[in-house]
Amino acid sequence: MKYGIWLQYFEDGSLRLISSYANDKIDGPYQVYTAPGHLAIDGNYTLGNMDGKWDFYNENGDLEYQLFYDHGKALNDSILEEKLRKFIEELEKNLGTIPEPDFENIIPDRN
């Protein structure tokens with residue numbers, strides 16, 4: 001059964017993630033860092049559910065947006081919908097700019 005603080009590190013030894021567990025469920029503060037050591041996500045879990053205010057930072061360390069949760073339910077999910085819409089638009093904009101893999105040439109000819 002998981003209980004206590006849980007830490008993850010990048011290969012260079014810098015902190016990647018800090019969280020904690022209680023009764024085998026993620027519970028308490030939750031922070032994710034980028035490779036250079038900047039805070040990327042700062043939130044809280046309550047017995048396995050995202051809860052309260054969650055801050056999301058860009059690569060410069062500036063607050064990009066906030067989400068609010070009530071025991072796992074997003075209270076301002078319009079922000080999530082807008083992020084998803086922008087992501088899909090970017091994917092569609094780039095459609096066809098990256099060549100599709102040529103499955104016939106994935107494994108080199110062994111003759």
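General observations
- Within the range 30-46, the set of residues being over 15 Å from the mean Cα position of the chain (by Cα) and surrounded by 13 or more Cβ atoms within 10 Å (Cβ to Cβ) comprises 46 only.
- Within the range 49-78, the set of residues being more than 20 Å from residue 33 (Cα to Cα) and surrounded by fewer than 15 Cβ atoms within 10 Å (Cβ to Cβ) comprises 70, 71, 72, 73, 75, 76, 77, 78.
- Verdict on residue 52 being over 14 Å from the mean Cα position of the chain (by Cα) and modelled with pLDDT under 95: no
- Hits in the range 6-42 (condition: hydroxyl-bearing (Ser, Thr, Tyr) and under 22 Å from residue 65 (Cα atoms)): 19, 30, 33, 34
- Neighbours by Cβ (under 7 Å, 6+ apart or cross-chain): first from the range 58-78, at positive phi; second part of a strand (DSSP E or B) and at pLDDT 90 or above: 61/39; 71/46; 71/49; 72/49; 72/50
The values are calculated or read from the model by the stated rules, or taken from the named source; none is laboratory data. Keep in mind it's a predicted model, so treat the numbers as computed, not measured. Reconstructed Cβ throughout: ideal geometry from the backbone, glycine too, with neighbour counts over all protein chains shown.
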